[in-house]
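Participant: Could you have a look at this structure, given as structure tokens, before my questions?
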Amino acid sequence: MATVDREALDPALAPPPNGVMNELQNVGHDDNMQGQMEEFLGPQAEYNEEEEERKYYRRKRLGVIKNVLAASVGALIVYSVYMGLLQMQLLLHYDMTYREVKYSNLGLEDIDRKMLMGINVTPIVGLLYTPILIRFLGTKWMMFLASGVYALFVSTNYWERYYTLVPSAVAIGAAIVPLWASLGNYITRMAQQYYEYVHYREEHVQEQKKPPKGACHRYVIVFQAIFNIIFHLSFIFAEFPMKFVLNGYLHENSHVLHGVKTCGANISGLIPGLNTTVLTSLPRSMLLIQVESVLMGFSFLAMIIFLVLCGAAYRPTEEIDLRSIGWGNIFQLPFKHLRDYRLRLLCPFFVYSGFEVLFAVNGISLSYGVCVLGLKKLWLLLSVYGLSCSVCSALSLCMLRLPRWLCLAGGSGVQAVLLVALLALPLRPNQPEYQGPLLVISVLWGLGTALNKTGISILLGMLYAEEKERLDFVFTIYHWWQAVAIFIVYLWADLPMRAKLAILLATLLLACYCYWVMERRLARKKSYRLPRIPRPRHKVKGYRYLEEDDSDESDSEKSEEEEEEEGRGEEVMGARDGEREDSPGPRRRDTACHRRRRDDAGVGEGEREEREGGNASL
């Protein structure tokens, strides 16, 4: 009672109504929520913007390294499968018993000749369509689709017929130049991207301008060396079907080399007199199907690697810019780039790089190795050659410290000495004691191949490292000349070995001389001629790409450079108008136009007076 009386007497002591209590609680709750939102949206004490940016670009750099490794492993698998299957197929089809028992009326010899023609002749036209395909599909998708063509070639061996083997061989020939041009372009672009992610604070990187000359050369050297170290292992893996499947079915040397009279530089063709029955018994059909199924699985694995693990070589806007210069210009630009004396003088080296790889496979391994040691040692010779190529590709890293000419000069010097030695080396068939010298020749030739091929790829990347819009044209020209070399080797198959060695040596000397001339001109800073790449002609309407006539950009939004260009354009037009006024021809035309306008005005006034006179009479 006392409490109630006290509250009744003093209203200030009474509790507030329920509505007022709810309002007070809501005000406190709103203040608490606002404080939490400010704490969440405000600057975080633990957040370090520079540290997060550094972590972001570190992830980007790791992504670039992943792309290089994925492209290298994908190319390794594709060519391991292709070379291993082709070698096994040609060896089986060479055996007369295999042809007569399994395909008596099919004509496998004729099919093999046309298949090799498709592989070796078709790349000649690669220069016409390779840049268009790369720019239309993109570098990554071109690698993926080219690896799919190689998988198609593997699949046709399940059913060996003319209408399966020959078209797939033609498709392989059509895909060789696009695949290798895409790979060279991709590795060089990864080096450029890695440079951008390392120097992301630089102004020219943030504004997407050209880097300083020579800025990304060290990354080009490292990435090309990594690619060649991994890829050249394909010569080893390609010998697995030969070593683990076919070697147990081969005859001894006394039977296989029974009709061979001489070897090395004294022969014509590959191995004249080689026995046409090289198999002791025919491999089981199920065994061959299992081998082809394994190879098919690895072909699909290579396609998945290119598709999933390889990132894009260009930004989406850059790809749109690359293909928006017009398909006619894209078709012409590879030919126009040959105006650059650097590319012209490197063409003999491009041709020689194609010669020497095929000579290692056909000449040294067959005409020297198999002719002396027998078919059972073929896998050993090629495996040693591939291992030497892979290991010695790491020597190209010396270009980080030494002059770049040293790599190509070293490889050329080694192979020049070997060519002279092969011309003078006397060999007879079935001499196992020559195994050591032939393995040494394979190792040294692999050293020259590694230095030459890696050195050329690095050299092109260094010469055009700042021209990312030209890389596909440059690598297309390089690998097209290699395709020309493949075609020439296909044509000279029946020439005497001394003529082949003489052509190789002459091409090598010419290539070294032209390369010396190129380096001398560059040292003198002689200017080279690069074709102008047209500005992109965008057809997409949007905020990023607007047509000039339909642009909604206001005058205040135009940059100072654009205003200066417009000012210069107006000055040029004004000067042209002044020249036109000073010349007598335009002055006469202006006088005639003025007289014509005055006569028209007089006629108009006469018609007006007649009309007014008619109205007055009415």
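Participant: Considering the range 240-262 alone, what residues qualify as being assigned to a helix (DSSP H, G or I), more than 18 Å from P432 (Cβ to Cβ) and either without any contact (Cβ under 8 Å) to a residue 24 or more places away in the chain or among the small types (G, A, S) (or both)?
Facilitator: F244, G248
Participant: So, one more: Quick check on my filter: what residues within the range 415-431 are closer than 21 Å to V260 by Cα and free of Cβ contacts under 8 Å to residues at least 60 places away in the same chain? Talk me through it step by step, then tell me what you get.
Facilitator: Applying the first criterion (closer than 21 Å to V260 by Cα) to the range 415-431 yields 422-431.
Result: Q431, single match.
Participant: Moving on. For the range 246-257, check the following and say yes or no: at least one residue is of a type in the set (V, I, T) and out of contact with any Leu (no Cβ under 6 Å at 6 or more places or on another chain).
Facilitator: Within the range 246-257, not a single residue is of a type in the set (V, I, T) and out of contact with any Leu (no Cβ under 6 Å at 6 or more places or on another chain).
Participant: Applying the selection to the range 194-211, what residues are open to solvent by 100 Å² or more (accessible area, probe 1.4 Å) and part of a helix (DSSP H, G or I)? Before the answer, list the steps.
Facilitator: As a first pass, look at the range 194-211 and keep what is open to solvent by 100 Å² or more (accessible area, probe 1.4 Å): 201, 203, 206, 208-210.
Listed by number, the residues that qualify are E203, Q206.
Participant: I've got another one for you. Out of the residues in the range 97-140 that are outside any helix (DSSP H, G or I) and more than 27 Å from R189 (Cβ to Cβ), state the one that is modelled with the highest pLDDT.
Facilitator: Only one residue tops the list, namely Y103.
Participant: Report yes if some residue within the range 559-581 is within 34 Å of the chain's Cα centre (by Cα) and modelled with pLDDT under 90; otherwise report no.
Facilitator: There is no residue in the range 559-581 that is within 34 Å of the chain's Cα centre (by Cα) and modelled with pLDDT under 90.
Participant: Here's another thing I want to ask about it. In the range 419-443, what residues are closer than 30 Å to F223 by Cα and either in contact with a helix residue (DSSP H, G or I) (Cβ under 6 Å, 6 or more places away or on another chain) or acidic (D, E) (or both)?
Facilitator: Hits for the range 419-443 are L439, S442, V443.
Participant: Give the residue that is surrounded by the most Cβ atoms within 10 Å (Cβ to Cβ), with candidates limited to residues of the range 157-171 that are touching a residue at least 12 places away in the same chain (Cβ under 8 Å) and assigned to a loop (DSSP other than H, G, I, E, B).
Facilitator: E160
Participant: Turning to a different aspect of this structure: Within the range 43-92, track down each residue that is within 28 Å of W159 (Cα to Cα) and open to solvent by 80 Å² or more (accessible area, probe 1.4 Å).
Facilitator: Scanning the range 43-92 gives no hits.
Participant: Ok, one more. Which pairs do you get when a residue that is in contact (Cβ under 8 Å) with a residue 12 or more places away in the chain and farther than 26 Å from R404 by Cα, found in the range 193-214, comes within reach of a residue that is of a type outside the set (D, E, K, R) and open to solvent by less than 80 Å² (accessible area, probe 1.4 Å), reach meaning Cβ atoms under 8 angstrom, with the pair 6+ apart or on two chains?
Facilitator: Every condition considered, the pairs that remain are Y200/Y57.
Participant: Which members of the range 405-431 meet the condition of being under 28 Å from the mean Cα position of the chain (by Cα) and open to solvent by less than 60 Å² (accessible area, probe 1.4 Å)?
Facilitator: Residues satisfying the conditions are C407, L408, A409, G410, G411, S412, Q415.
Participant: Further question on the same structure: Take the range 377-403 and flag every residue that is surrounded by fewer than 19 Cβ atoms within 10 Å (Cβ to Cβ) and either among the basic types (K, R) or within 26 Å of the chain's Cα centre (by Cα) (or both).
Facilitator: L387, V391, A394, L395, C398, L400, R401, P403
Participant: Given the conditions (1) among the β-branched types (V, I, T); (2) open to solvent by 20 Å² or more (accessible area, probe 1.4 Å); (3) in contact (Cβ under 8 Å) with a residue 60 or more places away in the chain, which single one is not true for V372?
Facilitator: If we test V372 against (1) among the β-branched types (V, I, T); (2) open to solvent by 20 Å² or more (accessible area, probe 1.4 Å); (3) in contact (Cβ under 8 Å) with a residue 60 or more places away in the chain, just (2) comes out false.
Participant: When you scan the range 305-312, do you find a residue that is surrounded by fewer than 22 Cβ atoms within 10 Å (Cβ to Cβ), farther than 30 Å from L444 by Cα and of a type in the set (F, W, Y), even just one?
Facilitator: The answer is no, given that none of the residues of the range 305-312 is surrounded by fewer than 22 Cβ atoms within 10 Å (Cβ to Cβ), farther than 30 Å from L444 by Cα and of a type in the set (F, W, Y).
Participant: Contact list please: Cβ distance under 7 Å, first residue in the range 316-345 and over 19 Å from M142 (Cα atoms) and among the hydroxyl-bearing types (S, T, Y), second residue assigned to a helix (DSSP H, G or I) and open to solvent by 10 Å² or more (accessible area, probe 1.4 Å), pairs at least six apart or on different chains.
Facilitator: Listed pairs, sorted by first residue: Y341/R521.
Participant: Right, next: Test G326 against the stated conditions and say whether it is modelled with pLDDT under 90 and open to solvent by less than 20 Å² (accessible area, probe 1.4 Å).
Facilitator: When the stated conditions are applied, G326 passes them.
Participant: So Y490 clears everything in (1) among the hydroxyl-bearing types (S, T, Y); (2) open to solvent by less than 10 Å² (accessible area, probe 1.4 Å); (3) over 18 Å from the mean Cα position of the chain (by Cα) except one condition, right? Which one?
Facilitator: Here Y490 meets the rest and fails (2).
Participant: So R344 clears everything in (1) of a type outside the set (A, V, I, L, M, F, W, C); (2) within 26 Å of V125 (Cα to Cα); (3) not in a helix (DSSP H, G or I) except one condition, right? Which one?
Facilitator: Answer for R344: the failing condition is (3).
The values are calculated or read from the model by the stated rules, or taken from the named source; none is laboratory data. As the structure is a prediction and not an experimental result, all values here were calculated from the model. Positions of Cβ are generated from backbone atoms using ideal geometry, with glycine treated the same way; all protein chains shown enter the neighbour counts. Just the protein is used for accessible areas: all its heavy atoms, side chains included, with ligands, DNA and RNA removed. Shrake-Rupley method; radii C 1.70, N 1.55, O 1.52, S 1.80 Å.
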